[in-house]
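Structure first, commentary second.
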Amino acid sequence: MRGGGPATHPTKEHPMWQDISRLADAHADRAILGLFARDPGRFEAFSASADGLLFDYSKTNICTEVRAALLALCTAADLPGKRAAMFGGSKINETEGRAVLHTALRNLDGGPVTVDGQDVMPGVLATLDRMGQFAEAVRSGDYEGQGGRITDVINIGIGGSDLGPAMAEIALQPFADGPRCHFVSNVDGAHIHEALKGLDPETTLVIVASKTFTTIETMTNARTAWDWMAGKVREPGAQFAALSSNQEKTADWGIDTSRVFGFEDWVGGRYSMWGPIGLAVMIAIGPEAFRDFLRGGEAMDRHFQTAAPGQNLPVLLALTGIWHNQGLGHATRAVLPYEQRLARLPAYLQQMEMESNGKRVAMDGSDLPVHSGPVVWGEPGTNGQHAFYQLIHQGTRVVPCEFMVGIEGHEPELSHQHDLLIANCLAQSEALLRGRSLEEATAIMAAKGLEGAELDRQARHRVFPGNRPSTTLVYPKLTPFVLGQILALYEHRVFVEGVILGINSYDQWGVELGKELAVKLSPILSGQESTEGKDGSTAGLVAAIRAGRPG
Ligand code: F6P
């Protein structure tokens, strides 16, 4: 089935998915409000909390029976065994022969973690200490640029070597008291051009963040930054730091090993911000606040490992995802943080979820009997309300929404604005649930004086179908600890969904083909090679671009 996926409702035949399929058929259209009417304790029964986080999934049409069937999927997929294997350092990334141990990076209070019989924790903690010493030196001015104290840090990386630290640096602004941080990812020269504008090479630290140290975008931007610095600074390498698991390649750049922070291949790129890839964040907020972030992740790890499945936040978040996507067939989900400082969280989660669970074959190479993970997208509220919520409320497709909101903001003097923010968040999930019937819309328009056919026509435009599912995550206040909890919650959600789907969430072969073709297209674009063998569209586009170039 080239290019295709499972047909609609693919779950019917597969034994593991039969119950879900049957329940989805039976309950797809039932009224969520009816579930509340029948069970006054529904909110308590369909919400759970952990270390100050509250996860409410009562505004979905999951009932006790559906939840039991979803929990049975965890048992059928041996979630406890797979979870123990991940935390225990087994090579669960089977297509790359690697362990998956980003949890070790935040295992501050835990015991040994072994890979191939070796405890990795001494190395993890030593690197964390070295990062802390360097971050402190940059912040205090003990480490200087060739023109004095470091004023600006540029992190050059892409994907997992950019999205996490870039997102967290914005999220944790209230805690940022170090040099300014900038993030450059795109190979489009405009990105680095704009970032370098106004910076002084003599007081800028360049961090080259790349697990492989071969990613073409990052290496190209790093070279540009090096040349920029070499124009003014005698020894550019002295103002470069490298974050990578490829020590050979970092050595080729001549960066002093005191500023090279390594990590092992058992840290996946999109799970890497807990270690050296988080250096820019650590410089911005300081090592102690960075440790609080790690402690938040560690708290979620403990919860995930010990809480009963029905009270386990990552499990429940995953099961709502499975129900909405593989069960009811909703192909996308929106992540909607009511927190401006989480503006980049949807993009971060987009990579985490789509690169992890966007796979069409199971671990054993067989075709998935169900759809892969969903399209993940979003924007902070309330901005999204004035952009795309129209479709969420009245479009023909259902988009399950994942709201999140903090009880408190960081601006006590603007608490009235925070109240308005929370009111909007709750109002949106209420509106999605409740909708507005034709009778209600008709009454509203009749009160405005409309009658007859025009009343009917106008009223129909004002109907909200409602019964649209959402979940809400409530946290006390966006601190480093809470950010750590939220990110680890989503990481484990991805893990649970991946286990139920039976896929390898930790490779990313789907990014390779485009990379290979880009390398081959470069000499074709520059005219060194011909377009022979290319499809008509690609050849036509190359010809048009070449013809349109000046000179
Ligand atoms: O192309 C995808 C990818 O490999 C991501 O998985 C990764 O986060 C990103 O590229 C950057 O990779 P690196 O850190 O090796 O430069």
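The values are calculated or read from the model by the stated rules, or taken from the named source; none is laboratory data. Please read all numbers here as calculations on a predicted model, not as lab measurements. Here the Cβ positions follow ideal geometry from the backbone for every residue, glycine too, while neighbour counts run over all protein chains shown.
Brief remarks on what is shown
- Of the helices (runs of 4 or more DSSP H) lying entirely inside region 331-448, the ones with 3 or more residues being surrounded by fewer than 18 Cβ atoms within 10 Å (Cβ to Cβ) are found at 389-394, 415-434, 438-447.
- There is no residue in region 272-281 that is within 20 Å of residue 479 (Cα to Cα), within 16 Å of the ligand (Cβ to nearest atom), assigned to a helix (DSSP H, G or I) and hydroxyl-bearing (Ser, Thr, Tyr).
- Within the set 405, 370, 398, the sole residue that is of a type in the set (Val, Ile, Thr), closer than 27 Å to residue 268 by Cβ and touching a residue at least 60 places away in the same chain (Cβ under 8 Å) turns out to be 370.
- Number of positions in region 251-271 that are touching a strand residue (DSSP E or B) at 6+ places or on another chain (Cβ under 8 Å) and within 15 Å of the ligand (Cβ to nearest atom): 9
- Some residue of region 324-338 being more than 16 Å from the ligand (Cβ to nearest atom), farther than 24 Å from residue 173 by Cβ and without any contact (Cβ under 8 Å) to a residue 12 or more places away in the chain: no
- Candidate set from region 182-202 (those that are closer than 21 Å to residue 277 by Cα and in contact with a Gly (Cβ under 9 Å, 6 or more places away or on another chain)); member that is surrounded by the fewest Cβ atoms within 10 Å (Cβ to Cβ): 185
- Region 94-109: number of residues that are of a type in the set (D, E, K, R) and surrounded by 24 or more Cβ atoms within 10 Å (Cβ to Cβ): 1
- Residue satisfying condition, being within 20 Å of residue 241 (Cβ to Cβ), assigned by TED's automatic domain parsing to the domain that holds residue 228, more than 16 Å from the ligand (Cβ to nearest atom) and assigned to a helix (DSSP H, G or I), within set 124, 153: 124
- Here region 205-236 is the region considered, the condition is being over 31 Å from the mean Cα position of the chain (by Cα) and surrounded by fewer than 16 Cβ atoms within 10 Å (Cβ to Cβ), and the residue that is nearest to the ligand (Cβ to nearest atom) is 227.
- Index of the failed condition, residue 283 passing every other in (1) without any contact (Cβ under 8 Å) to a residue 60 or more places away in the chain; (2) crowded, with 23+ Cβ neighbours inside 10 Å: (1)
- Candidates in region 520-548 are the residues that are exposed (fewer than 10 other Cβ atoms within 10 Å of the Cβ) and either within 16 Å of the ligand (Cβ to nearest atom) or charged (D, E, K, R) (or both); of these, the one that is nearest to the chain's Cα centre (by Cα) is 535.
- Which numbered condition residue 320 misses (of (1) away from the ligand (no atom under 16 Å from the Cβ); (2) surrounded by 24 or more Cβ atoms within 10 Å (Cβ to Cβ); (3) among the β-branched types (Val, Ile, Thr); (4) over 19 Å from residue 491 (Cβ atoms)): (4)
- Test: residue in region 465-481 that is in contact (Cβ under 8 Å) with a residue 60 or more places away in the chain, in a helix (DSSP H, G or I) and out of contact with any His (no Cβ under 9 Å at 6 or more places or on another chain): yes
- Residues (closer than 14 Å to residue 487 by Cβ and either among the small types (Gly, Ala, Ser) or out of contact with any helix residue (DSSP H, G or I) (no Cβ under 8 Å at 6 or more places or on another chain) (or both)) located in region 289-308: 296, 297, 299
- Selection status of residue 496, away from the ligand (no atom under 16 Å from the Cβ), within 28 Å of the chain's Cα centre (by Cα) and part of a helix (DSSP H, G or I): yes
- Of all residues in region 157-185, those being touching a helix residue (DSSP H, G or I) at 6+ places or on another chain (Cβ under 7 Å) and either away from the ligand (no atom under 16 Å from the Cβ) or not small (Gly, Ala, Ser) (or both) number 17.
- Residue ID - surrounded by the most Cβ atoms within 10 Å (Cβ to Cβ), chosen from residues in region 499-518 that are assigned to a helix (DSSP H, G or I) and in contact (Cβ under 8 Å) with a residue 24 or more places away in the chain: 500
- Flag for residue 228 being at pLDDT below 95 and among the hydrophobic types (A, V, I, L, M, F, W, C): no
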